[in-house]
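What follows is a set of notes on a single structure, which appears directly below.
The values are calculated or read from the model by the stated rules, or taken from the named source; none is laboratory data. All figures in this text were calculated on a predicted structure; none of them were measured in a lab. Quick reminder, even Gly has a Cβ in these numbers, built from the backbone with ideal geometry, and neighbours come from all protein chains shown. What goes into the accessible areas is simple: the full protein's heavy atoms, side chains included, and nothing from ligands, DNA or RNA. Shrake-Rupley method; radii C 1.70, N 1.55, O 1.52, S 1.80 Å.
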Amino acid sequence: NGDFFDAGVTSAPLSLLIADGQLVRSPRNDPDFASMAIEGDAGILGSWTWSGQLLGPGGLAIPIAAVNEVSVPANGAVLYTSHWSWQRNPPTNGVTCIAIRDGVVESRIAGWPRPTPSPTPAESSGLIYLAARGSAAATSLSVGDAVEISGQLRPDAESIIAAFSGKPVLLRDGAIAPDLWKHIGIQSLFPAPRSAAGLTQDGRTLLLVVADGRQSIARGLTLSELAELMRSLGAWNALNLDGGGSSSAVVRDPFSGEVVLANRPSGASQRPVPYVVGVRAVLPVAEYEAEPDIAFLSISADEL
């Protein structure tokens, strides 16, 4: 399981998500969130911001606050791309949706577009929506107008091929983050099922960790205990992911080849989540015949 998500409403992840070099979701405007990314051949832990704009006829400029955000701010605009499913609309009234295909305004409607859970490639090709409210919606954009949309992650992230997010940071540069206790919204002081991702100091090894909890055989971990565990496993930087009933880990059995559940989720079965963090083995090339360096380790401990 990956980032926290907009449970019960849109189900969208709450902060930065990059897959195959494409921006799926821009970073959340929340200092508690951070992101783990693959840049080149190493992993990094950091925080990013995103800003964009739409330029139209007559010098028109509309600032864009986010990409695929779970709500549209008052007097602001959000860009929705083909990564947004439209199965559930953000709970925002007073929205004007401007459909843009290949740089040209195709339509302008009050409210959200009709849900299209499974659009064909032809239907979705080049189509994006700008959802605007208040002053951002009160523009003279009309059907047929040519527009130009741009956006930028800062710090520059052109070389990032994948990124996922969570909160809070558990370890930074080998030190346990201060004030982990303050994150009471995720029961920081109480043992609970937890998930975390960590990177070794050289950024070349990724640790994905799930701790069971809320069971007679597994009490769970506090955030501080999770940070200690990550450090004991060799993490130099570490990030807390969505936990509780969402905490689950699956692995491919090396003998049967089947994908199997490797932990005991607190709800007795896996909870549906909108996206997961995964490691996929790639076939070795001719110059590099070694097996992919992927390992799974199960740890049982009475106390840390």
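Taking the inverse of the mean 1/r over every pair of distinct Cα atoms in segment 168-249 gives a Kirkwood hydrodynamic radius of 12.4 Å.
Expressed as an acute angle from 0 to 90° and rounded to the nearest 10, what is the orientation of the C-alpha long axis of helix 223-232 relative to the principal long axis of the chain? So the inclination is approximately 60 degrees. Its Kirkwood hydrodynamic radius, worked out from the mean inverse distance over all distinct Cα pairs, puts the chain at 21.1 Å.
Which of rounded, prolate, oblate describes segment 149-295, given a ≥ b ≥ c as roots of the alpha-carbon gyration tensor eigenvalues and a/c under 1.5 marking rounded, otherwise prolate only if a/b is larger than b/c? Write out the running numbers ahead of the final one.
Numbers: a/c = 1.63, a/b = 1.16, b/c = 1.41.
It comes out oblate by the Cα gyration axes.
Dipole orientation for the chain: of the candidates L206, A110, V279, A110 has the Cα lying most toward the positive pole (charges on Cβ; Lys, Arg +1; Asp, Glu -1).
Across the accessible surface of the chain, with the other protein chains kept in place and a 1.4 Å probe, carbon and sulfur atoms take up 52 percent. Across segment 19-153 the C-alpha pair distances fall into 5 Å bins from zero in the proportions 2, 10, 19, 22, 19, 14, 8, 4, 1, 0 percent.
Compute the accessible area per residue over the chain, keeping the other protein chains in place, probe 1.4 Å, unit Å². Spell out each step's value before the answer.
On the way: 16550 Å² over 304 residues.
Value returned for the chain: 54 Å² of accessible area per residue.
To the nearest 10, the accessible area of W84 is 20 Å² with a 1.4 Å probe. Remark on segment 76-192: hydrodynamic radius 17.8 angstrom, per the Kirkwood mean of 1/r across alpha carbon pairs. Counting only Cβ charges, +1 for Lys and Arg and -1 for Asp and Glu, the dipole size of the chain around its Cα centre is about 1080 debye. Rounded to the nearest 20, the Cβ-based charge dipole of segment 28-109 about its Cα centre (Lys and Arg +1, Asp and Glu -1) stands at 360 debye.
Counting only trypsin sites (Lys or Arg not before Pro) that sit in a DSSP loop (anything but H, G, I, E, B) with at most 13 other Cβ atoms within 10 Å, what is the longest stretch of the chain containing none of them? Longest site-free region, per DSSP loop and neighbour criteria: 1-203.
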